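One structure is given below, encoded as structure tokens.
The values are calculated or read from the model by the stated rules, or taken from the named source; none is laboratory data. Nothing here was measured: the structure is a model prediction, and the numbers come from that model. Cβ placement follows ideal geometry from the backbone for every residue including glycine, while neighbour counts extend to all protein chains displayed.
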Amino acid sequence: MENVLVKRGVGQLFEKAERAESHVKDYQGCLSDSKKVFAKRVLDLAISSFTIVFVMSWLFPLVAIAIKATSKGPILFKQQRHGLNNKPFFCYKFRTMVVNKEADIKQATKGDSRVTVVGRFLRMSSIDELPQIFNVLKGEMAIVGPRPHAVPMNMEFAREIDNFMSRHNVKPGITGLAQSKGFRGEIRNFNDIYFRYRLDEFYVRKWCLLFDLKIIWTTIKLLVLGNENAY
């Protein structure tokens with residue numbers, strides 16, 4: 001009963017958000033499906049290639065040294081998540097926690113003792129997500145798309161929300177519409193995940209290149225301004 005009431009409340013809030021985003025359908029330049037997919041892939045390859053050559057080439061060694069110098073374990077953390085058409089893949093991140101057995105079933109919380117000193121900075125700055133550029137280069141992810149969750153968590157959310165797995169009708173992204181609206185990090189209650197799902201569902205139905213560019217720009221502004229949910 002509580003979930004039904006939450007859905008109604010969030011649905012009313014989402015209707016306002018959807019009206020605010022309704023201009024997306026009027027974007028000039030939203031291409032036919034095959035051309036949209038091609039244009040999106042070109043954008044993904046351009047951004048990922050640029051990032052690897054001009055950012056990761058010097059940042060990766062610095063972060064790797066910091067991680068190895070302050071905690072035991074691998075430099076990269078890889079976690080199985082659902083990709084396009086629900087096909088599992090290994091998503092890469094810089095390791096921000098001490099090695100623990102709960103990584104796949106328990107999200108990071110505020111003041112989480114598992115997060116290392118270096119890891120806290122990486123998470124707050126979102127630098128921990130940068131290795132997903134390699135997932136983009138491999139074609140497993142896109143720059144923009146619904147954020148992927150760990151497989152066990154994803155299955156739990158799918159039991160709570162009808163048609164939840166439809167989010168994977170497009171490639172998962174490093175950032176997405178929900179993240180550009182400030183929804184990121186810990187999922188504290190049903191409201192948190194349901195609102196993200198509704199925004200992801202909207203993106204799956206409306207995505208085009210100009211929409212992606214808008215989401216990228218909004219995400220960059222949020223990174224500069226900071227996000228209280230990044231911990």
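Structure values in brief
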| item | result |
| --- | --- |
| Subset tally (residues that are outside any loop (DSSP other than H, G, I, E, B), within 13 Å of Ala150 (Cβ to Cβ) and charged (D, E, K, R)) for the range 50-108 | 3 |
| Subset of the range 46-73 that is in contact (Cβ under 8 Å) with a residue 24 or more places away in the chain, out of contact with any Ser or Thr (no Cβ under 7 Å at 6 or more places or on another chain) and not hydrophobic (A, V, I, L, M, F, W, C) - its residue that is surrounded by the fewest Cβ atoms within 10 Å (Cβ to Cβ) | Lys72 |
| The range 219-231 residues that are of a type outside the set (Lys, Arg), paired with ones that are surrounded by 12 or more Cβ atoms within 10 Å (Cβ to Cβ) and not in a loop (DSSP other than H, G, I, E, B) (beta carbon under 7 Å, 6 or more apart) | Thr219/Thr175; Thr219/Gln179; Thr219/Ser180; Leu222/Ser180; Ala230/Arg123; Ala230/Met124; Tyr231/Arg123; Tyr231/Met124 |
| Qualifying residue in the range 158-180 (condition: closer than 30 Å to Ala69 by Cβ, surrounded by fewer than 18 Cβ atoms within 10 Å (Cβ to Cβ) and either in contact (Cβ under 8 Å) with a residue 24 or more places away in the chain or polar (S, T, N, Q) (or both)) | no |
| All positions within the range 200-231 that are in a loop (DSSP other than H, G, I, E, B) and hydrophobic (A, V, I, L, M, F, W, C) | Trp207, Cys208, Ala230 |
| Residue satisfying all of: in the range 21-45; surrounded by fewer than 10 Cβ atoms within 10 Å (Cβ to Cβ) and part of a helix (DSSP H, G or I); modelled with the highest pLDDT among these | Ser34 |
